[in-house]
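*Asks:* My questions will all concern the structure given below.
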């Protein structure tokens, strides 16, 4: 069993980790030794998540134990770090998804979708994208949209169409639909101020600097790049990451026959539907009645447990959920600590000095791109926003960028940069763990889509906001 | 699937929960409405853990969701509550135990033990008790002793002797050995000041009231009740909860043949042994070099992952571990919150008023028994100690109990009261989840042993400390 380990995968993380550690004396003066050490461990851990000598859960556990042994973390901090609201919401949403499958409701919805839009795979992708966009108006949790709603439907749909990672047939249909959903969700997160909780945090931070942005201003600025992306991305993915099954001429007849064969809804299906609708409603109105998105996911799971749609064994069998819980929590605690140790604040200050004296368009472009690509370092929206947004915004303002334009474009960058890594946020964590998209494919496709996003949102965004008179 | 739920099991928790909730207006004046509501939810949850309409993970999840919906907990508090150091240590120890089994080392140690002490089941139990007592001198984590060391050995030994909960043969040998280990560990926790971290917390609290207790004073007072218990409890359990296999005359020959057949140690076994010894050493000296018990368990698991003795899949397959992680965290967060809301402090104050004017021996006896049986409300040593120890001690001192005697006896009560519930602390959580001992047996046997413990430690303890001249 010792031979199962891909020892070579340890090489790069070790080189980077030890290398960065050794140059500690040469670090920037503003950075404490501890912050630099954590930076070295963090970089090594992230690289190991790419080279994968062991699965992500194992490499992140190694990373955090090294960080604890070297005194960067106390064990109490580590334990507390596992009490991460996002990670638990991801887990709960996966349990809900299991309820979709087990009750049979997922099958039914899948058949329904195929009977309506299933003639061509691309039209199916557009239909699913449309659903996510509509949901994004009122569900500011990207986790809730992807993990709680869209993924269970897509997963069922794919399996029903004979595309299943467990049988090696994921590329037939599922890989394309899953990765498309991932990128589409990043677009819908940027399309509306209410599409992502982080958007509101960013706009809140902007307000502290005296810049007010309304829901409508956001939407006006975002609608052209957003809708363009929604049209372009599924088509691009269809070309660069094509599903094997493209035409399904018999799909309509097949799906309606299946629907008929399913007959009436069972009790489990009905309970699952009601729970699902309740969850959507609560996600929509939750903030108004004081129920947050994580709480909604807990409520849904508890209803499924009480009614027996799910058993605790079903929960325990959802290995993906427990897996994500561990590695996502660890990456998040490391990133958060890098912020509290002053690493990221130092970074935005240093960047400000470097950009001193440039014209504002260049500064905005550099800041946008830096903000976008720095997300490779961040496993969550909120951590990056709290670490960098205010600093970046003040640099932009200082360089003369029109205020609302600066606030909006940087906020946009903070939504679409979720398109980078398999740990970029909850949805990425879940979708990248399902087996539909391999690790290698994820990194490659993300890189391509990232460039397109930057052209559309930064380039197109600047042109469009010029037409709108933002500058 | 809806019919799988034992609906009747919801009856009692609902009656108690709703009943207590309804009498909120009649609650003691010093208790806030919120504290009383939590008390109602907590009692209902604990009762549901006994009547078990659903497994403990499900009922505790229901409990915490109710507590969140009624505004007793915020969702952030709940998420943070899952970052519980004890619960994660229990999980890591279970992973380590899986390494014992998978590597084959457990088998080897089991054969060794049987070949040395295996003629009679009772002698095996005494031998195992002796090992735990020796470890307790230097390992103040009862979790580490039971979950990390003793349980893996006992589990392997039982299975090797043909006693396995998965096959319904647990009563042959395993049930007896597992429950014996549980009770013996409670004794060894009380035997030495260093046998339980909580002991040191208690003595620390006593010091704040000006009462100094040394390691030797503790041991002198504890040795007679402790050693008596170590002799009596295995024998009592052997009578009231007898193993089906009592004599194993051929065991020695069988075990040595098996040992010979195993041949040389494999690489995995060697790594497992080294990791195990390292863990014991770190548990022994950890406090001196700043590595706490939970950290040791993480280190051990990471070594097993790096060397491939365990894979992440092995970890994910340990359903018990994930299960415990959830329900233990929830019960602990509820109990802790009851303390911060002032429920337990109110209780000890009220008790003080009631005992006013009684002679000190009666007061000490009442306090001891109250402290012991109140542990039915507490899922951890530290929560009860921080909630009640100082208050109880001051009541005792106020009633005229000799200082050191009061400090010691209450501290003893705080170790042996771990013998009450399947959620009394980490070891109970693990052992009660293994399938060796049913829920019903657990509650029944605990009740019996509890009475014996009180006779030995309170009655015998008072007599013995009189002889020693403590009063």
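*Asks:* Among (1) within 11 Å of another protein chain (Cβ to nearest Cβ); (2) within 27 Å of residue B:81 (Cα to Cα); (3) at pLDDT below 95; (4) crowded, with 21+ Cβ neighbours inside 10 Å, which single condition is residue A:74 missing?
*Replies:* Exception for residue A:74: condition (4).
*Asks:* Something else about it: When both residues are 6+ apart or on different chains and their Cβ atoms are under 7 Å apart, which pairs have a first residue that lies in the stretch B:150-164 and is surrounded by fewer than 24 Cβ atoms within 10 Å (Cβ to Cβ), and a second that is in a loop (DSSP other than H, G, I, E, B)?
*Replies:* Here the result reads B:162/B:169, each pair linking the stretch B:150-164 to a residue that is in a loop (DSSP other than H, G, I, E, B).
*Asks:* When residue B:194 is evaluated against the numbered criteria (1) surrounded by fewer than 17 Cβ atoms within 10 Å (Cβ to Cβ); (2) assigned to a helix (DSSP H, G or I), which criterion, by number, is the only one it fails?
*Replies:* Against the list (1) surrounded by fewer than 17 Cβ atoms within 10 Å (Cβ to Cβ); (2) assigned to a helix (DSSP H, G or I), residue B:194 comes up short only on (1).
*Asks:* Confirm whether residue A:111 is closer than 27 Å to residue A:295 by Cβ and either assigned to a helix (DSSP H, G or I) or out of contact with any strand residue (DSSP E or B) (no Cβ under 7 Å at 6 or more places or on another chain) (or both).
*Replies:* Working: closer than 27 Å to residue A:295 by Cβ: no; either assigned to a helix (DSSP H, G or I) or out of contact with any strand residue (DSSP E or B) (no Cβ under 7 Å at 6 or more places or on another chain) (or both): yes.
Against the criterion (closer than 27 Å to residue A:295 by Cβ and either assigned to a helix (DSSP H, G or I) or out of contact with any strand residue (DSSP E or B) (no Cβ under 7 Å at 6 or more places or on another chain) (or both)), residue A:111 does not qualify.
*Asks:* Let me ask something else. Determine if the stretch A:436-445 includes at least one residue that is closer than 20 Å to residue A:228 by Cβ and either in contact with a helix residue (DSSP H, G or I) (Cβ under 6 Å, 6 or more places away or on another chain) or at pLDDT 95 or above (or both). Working first, answer last.
*Replies:* Kept after step one, since they are closer than 20 Å to residue A:228 by Cβ, are these residues of the stretch A:436-445: A:445.
Filter once more, so that each one left must be either in contact with a helix residue (DSSP H, G or I) (Cβ under 6 Å, 6 or more places away or on another chain) or at pLDDT 95 or above (or both): A:445.
Within the stretch A:436-445, one or more residues are closer than 20 Å to residue A:228 by Cβ and either in contact with a helix residue (DSSP H, G or I) (Cβ under 6 Å, 6 or more places away or on another chain) or at pLDDT 95 or above (or both).
*Asks:* How many of the residues in the stretch A:246-280 are assigned to a helix (DSSP H, G or I) and within 14 Å of another protein chain (Cβ to nearest Cβ)?
*Replies:* Our first condition is that a residue be assigned to a helix (DSSP H, G or I); within the stretch A:246-280, this holds for A:251-262, A:267-280.
Filter once more, keeping what is within 14 Å of another protein chain (Cβ to nearest Cβ): A:267-272, A:274-275, A:278-279.
Of the residues in the stretch A:246-280, 10 are assigned to a helix (DSSP H, G or I) and within 14 Å of another protein chain (Cβ to nearest Cβ).
*Asks:* Which of (1) closer than 23 Å to residue A:290 by Cα; (2) within 26 Å of the chain's Cα centre (by Cα) is the odd one out, the single condition residue B:36 does not satisfy?
*Replies:* If we test residue B:36 against (1) closer than 23 Å to residue A:290 by Cα; (2) within 26 Å of the chain's Cα centre (by Cα), just (2) comes out false.
*Asks:* Output the number of the condition that residue A:10 fails; it satisfies all remaining conditions of (1) within 14 Å of chain B (Cβ to nearest Cβ); (2) in contact with a helix residue (DSSP H, G or I) (Cβ under 7 Å, 6 or more places away or on another chain); (3) in a helix (DSSP H, G or I); (4) surrounded by fewer than 22 Cβ atoms within 10 Å (Cβ to Cβ).
*Replies:* With (1) within 14 Å of chain B (Cβ to nearest Cβ); (2) in contact with a helix residue (DSSP H, G or I) (Cβ under 7 Å, 6 or more places away or on another chain); (3) in a helix (DSSP H, G or I); (4) surrounded by fewer than 22 Cβ atoms within 10 Å (Cβ to Cβ) applied to residue A:10, the lone miss is (2).
*Asks:* Any residue that is within 30 Å of residue A:253 (Cα to Cα), more than 22 Å from the chain's Cα centre (by Cα) and facing chain B (nearest Cβ under 9 Å) - is there at least one of those in the stretch A:84-102?
*Replies:* Yes: the stretch A:84-102 contains one or more residues that are within 30 Å of residue A:253 (Cα to Cα), more than 22 Å from the chain's Cα centre (by Cα) and facing chain B (nearest Cβ under 9 Å).
*Asks:* Quick test for you: out of B:243, B:225, pick the one residue that is in a loop (DSSP other than H, G, I, E, B) and in contact (Cβ under 8 Å) with a residue 12 or more places away in the chain.
*Replies:* Exactly one residue qualifies, and that residue is B:243.
*Asks:* Another one. Name the single residue that is modelled with the highest pLDDT among those in the stretch A:20-71 being more than 18 Å from residue A:338 (Cβ to Cβ) and away from every other protein chain (no Cβ under 12 Å).
*Replies:* Step by step, filter the stretch A:20-71, then rank; the result is A:22.
*Asks:* Would you confirm whether or not the stretch A:232-247 contains a residue that is in contact with a strand residue (DSSP E or B) (Cβ under 8 Å, 6 or more places away or on another chain), surrounded by 15 or more Cβ atoms within 10 Å (Cβ to Cβ) and modelled with pLDDT under 95?
*Replies:* Within the stretch A:232-247, not a single residue is in contact with a strand residue (DSSP E or B) (Cβ under 8 Å, 6 or more places away or on another chain), surrounded by 15 or more Cβ atoms within 10 Å (Cβ to Cβ) and modelled with pLDDT under 95.
*Asks:* Let me ask something else. Right, residue B:410: touching a helix residue (DSSP H, G or I) at 6+ places or on another chain (Cβ under 8 Å), within 14 Å of residue B:178 (Cβ to Cβ), touching a residue at least 24 places away in the same chain (Cβ under 8 Å) and not assigned by TED's automatic domain parsing to the domain that holds residue B:144 or not? So that I can check it myself, show each step before the final result.
*Replies:* Working: touching a helix residue (DSSP H, G or I) at 6+ places or on another chain (Cβ under 8 Å): yes; within 14 Å of residue B:178 (Cβ to Cβ): no; touching a residue at least 24 places away in the same chain (Cβ under 8 Å): yes; not assigned by TED's automatic domain parsing to the domain that holds residue B:144: yes.
No: the conditions fail for residue B:410.
*Asks:* Let me ask something else about it. In the stretch B:203-213, is there at least one residue being without any contact (Cβ under 8 Å) to a residue 60 or more places away in the chain and in contact with a helix residue (DSSP H, G or I) (Cβ under 7 Å, 6 or more places away or on another chain)?
*Replies:* Looking for residues that are without any contact (Cβ under 8 Å) to a residue 60 or more places away in the chain and in contact with a helix residue (DSSP H, G or I) (Cβ under 7 Å, 6 or more places away or on another chain), one finds none in the stretch B:203-213, hence no.
*Asks:* Let me ask another. Quick one: which residue in B:141, B:123, B:129 is touching a helix residue (DSSP H, G or I) at 6+ places or on another chain (Cβ under 9 Å), modelled with pLDDT of 90 or more and buried (at least 20 other Cβ atoms within 10 Å of the Cβ)? Working first, answer last.
*Replies:* On the way: B:141 fails: modelled with pLDDT of 90 or more; B:123 fails: buried (at least 20 other Cβ atoms within 10 Å of the Cβ).
Within the list B:141, B:123, B:129, the selection yields B:129.
*Asks:* For the stretch B:200-222, give me each residue that is modelled with pLDDT under 90 and in a helix (DSSP H, G or I).
*Replies:* Passing the criteria: B:200, B:201, B:202, B:203, B:204, B:205, B:206, B:207, B:208, B:215, B:216.
*Asks:* Let me ask something additional. Filter the stretch A:286-302 for residues that are free of Cβ contacts under 8 Å to residues at least 60 places away in the same chain and more than 9 Å from chain B (Cβ to nearest Cβ); which is surrounded by the most Cβ atoms within 10 Å (Cβ to Cβ)?
*Replies:* Ranking the candidates gives A:286 first.
*Asks:* Would you mind stating whether residue A:146 is closer than 30 Å to residue B:299 by Cα and either in contact with a helix residue (DSSP H, G or I) (Cβ under 6 Å, 6 or more places away or on another chain) or outside any helix (DSSP H, G or I) (or both)?
*Replies:* The answer is no for residue A:146.
*Asks:* Right, something else. Kindly indicate which of B:67, B:91, B:40, B:44 is buried (at least 21 other Cβ atoms within 10 Å of the Cβ), assigned to a helix (DSSP H, G or I), out of contact with any strand residue (DSSP E or B) (no Cβ under 7 Å at 6 or more places or on another chain) and assigned by TED's automatic domain parsing to the domain that holds residue B:156.
*Replies:* After ruling out the rest, the residue left standing is B:91.
The values are calculated or read from the model by the stated rules, or taken from the named source; none is laboratory data. Since this is a predicted model, take the numbers as computed values, not measurements. Glycine also receives a Cβ, built like all others from the backbone with ideal geometry; neighbour counts cover every protein chain displayed.
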